[in-house]
Amino acid sequence: MSLNYLSTRFTCSWPWNILVLLCDGRVVCGCADPYGTRVLGDTRTHTLAEIWRGETASRLRVDLNHGGSSFCGDCPLKLPLADDEKPPARALDVSPLPTRLYVECTAACNISCFQACCAPETGITRTRQAGMLDFDLFRRVVDEAAPTLVRLDFFNYGETFLHKRAVEMCEYVKARYPHVYLYTSTNGLAFTEASVARLVRSGIDEVTFSIDGATPDSYVRYRQRGDFTKAIALLRHAVGEKRQAGLAVPFINWRYILFRWNDSDREMALARRMAADIGVDRLCWEITDHPEEGFSRRFVPGSTEFAAIKHEVWDDNNLGNAIPGATPRARIELRGVPRGAPLVGEARGSLTLQTRVRNLSQRAFPHVAPYGRRLVRLGAQLRTSGGTLLDRDLARQGLPHALEAGGQVDLPIVVPLPERPGRYQLAFDLVYEGIDWFADCGSEVTTRDLVVG
């Protein structure tokens, strides 16, 4: 494919990791293709492996390694390259199948979001099939992908749970392939109390309810034809079902898009109180730049107001939380080492360090969790003397028990040392395994110089 048409060079990692299954069985590249224009293949006539390693996908990878492809068109997932920046040279001999899969049950929706491309009146249902994904096709694709699949995103365009067998699909994935991280996002309005309870008990790892407002009047400005009272009631029922059943999963999010009509201090404070009262695991704000007359001017990235909530924004990190005291915060002290003194050791050796970890947030840090995800461990990272990361996963140490809010625990950690002598840094942070490091949501990191002889 010629690059002559390109005004800017770009790169993208999606074709090396992720595929998106549309409700009609076609496979596209990227979750930002509402009209199904970037088709890689069709699972009704080909296996997923044939599509993943087929001519179209393979040619796309070659083009991206050279700085762009006409296949990508106006895809917003493209990452521009500077004039003097070389595109990443990713391997062309990809794995047999992707590690992440999006599954779209339907492109139809039960409400009409203001100027959204999937609104029933004007959106994608007028340009491509909005029917329901065939259940047998779903099973065949999942069965084929499962050996390499790490995560399945059970949503795309439309409202997933309009599909009458959507909850059954979740049960199928978690019963047969519990290692797959199963995530879904929903407006919540297609559920009954019975069906949302069944979803909670399916084993699904994470569920996001999109509710954009803390009052009926502000909510319905964007979620037209939506029912705020019903959405909140079903969110509350999901949390209650999880508690009653004593389940560790699903992790339940309330995602709140900020618009001009719902971004006041008063309404955001009300949402914080409601989220805490309901008991959701996480409340996060989402920043958008559309619709033109509706997006929040107050929280434009780069503004003082945005900086104040940055770590509570959905895309900033995976742990920040708008519920007061719920964002993970910790302090890590090295014991028995004079303040400011470097750590010293021999190449290829190890250091056994004594630490004290304090929980500065208002929620406990779990020490166990299903499938080894969302439990908290102490981690050591290796950096150059100038602070460049060399090894994010140098060492780990688990907690002996759940660390309650305000509590502390003394932990030894054994840190392997580099093979080459020299000057380095060791950084100590906590990590929610499989999710994110505490530092990414603003928690402090303890850093010490390291001299390796």
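The values are calculated or read from the model by the stated rules, or taken from the named source; none is laboratory data. Computed from a predicted structure; not experimentally measured. Every residue, glycine among them, receives a Cβ derived from its backbone with ideal geometry; neighbour counts consider all protein chains shown. Only protein heavy atoms, including side chains, enter the accessible area calculation; ligands, DNA and RNA are left aside. Shrake-Rupley method; radii C 1.70, N 1.55, O 1.52, S 1.80 Å.
Where in the chain are the helices, taken as whole DSSP H runs, whose Cα atoms extend 24 angstrom or more along the long axis and whose Kyte-Doolittle mean reaches at least -0.5? Please report the intermediate quantities before stating the final value.
Numbers: long enough: 228-245 (26 Å, -0.10).
Those that clear 24 Å and a mean of -0.5 are 228-245.
As a test, work out the antiparallel percent of DSSP beta bridges whose residues both lie in the chain, rounded to the nearest 5.
65
Considering only LEU353, VAL220, PHE71, whose Cα is most displaced toward the positive end of the charge dipole of the chain, charges sitting on Cβ of Lys, Arg (+1) and Asp, Glu (-1)?
The listed residue farthest towards the positive side: LEU353.
Given 37 °C and 0.692 mPa s, compute D for the stretch 303-364 with the Stokes-Einstein relation, Rh being the Kirkwood radius over Cα pairs; round to the nearest whole µm²/s.
On the way: Rh = 15.0 Å.
The diffusion coefficient I find is 219 µm²/s.
Note the direction-averaged projected area, equal to a quarter of the hull surface, for the Cα convex hull of the stretch 27-169, in nm².
So the Cα hull casts an average projection of 9.8 nm².
How much of the accessible area of the chain, in percent, comes from carbon and sulfur atoms when a 1.4 Å probe is used?
On the way: 10020 of 20060 Å².
Reported share for carbon and sulfur atoms: 50 percent.
What is the local net charge at LEU22, summed over the other residues whose Cβ is closer than 9 Å to its Cβ (Lys, Arg +1; Asp, Glu -1)?
Net charge in that neighbourhood comes out at -1.
Would you rank HIS66, HIS311 by solvent-accessible area, highest first, keeping every protein chain in place and using a 1.4 Å probe?
HIS66, HIS311
Can you tell me the dipole magnitude for the chain around its Cα centre, using point charges on the Cβ only (Lys, Arg +1; Asp, Glu -1), in Debye to the nearest 20?
840
Please report, to two decimal places, log10 I(q)/I(0) for the chain at q = 0.11, 0.12 Å⁻¹ as given by the Debye formula with identical point scatterers on the Cα atoms and no solvent.
Reported log10 I(q)/I(0), two decimals: -1.03, -1.21.
List the relative contact order of the chain as a percent without decimals, with contacts defined as Cα pairs under 8 Å and 6+ residues apart.
Computed over the chain, the figure is 10 percent.
Hey, what number do you get for the chain at 222 nm if only DSSP H runs of n ≥ 4 count, each worth -39500 (n - 2.57), divided across all residues, to the nearest 500?
-6000 deg cm²/dmol
Over the chain, give the accessible area per residue in Å² for a 1.4 Å probe, as an integer.
I get 44 Å² per residue for this part.
To the nearest 20 Debye, how big is the dipole of the stretch 216-259 about its Cα centre, given +1 on the beta carbon of each Lys and Arg and -1 on that of each Asp and Glu?
In debye, rounded to 20, the stretch 216-259 gives about 60.
Working from the alpha-carbon coordinates of the stretch 151-295, get Rg over Rh, Rh being the Kirkwood radius.
Result: Rg/Rh = 0.97.
Roughly what % of Cα-Cα distances in the stretch 352-453 sit above 15 Å, to the whole percent?
63
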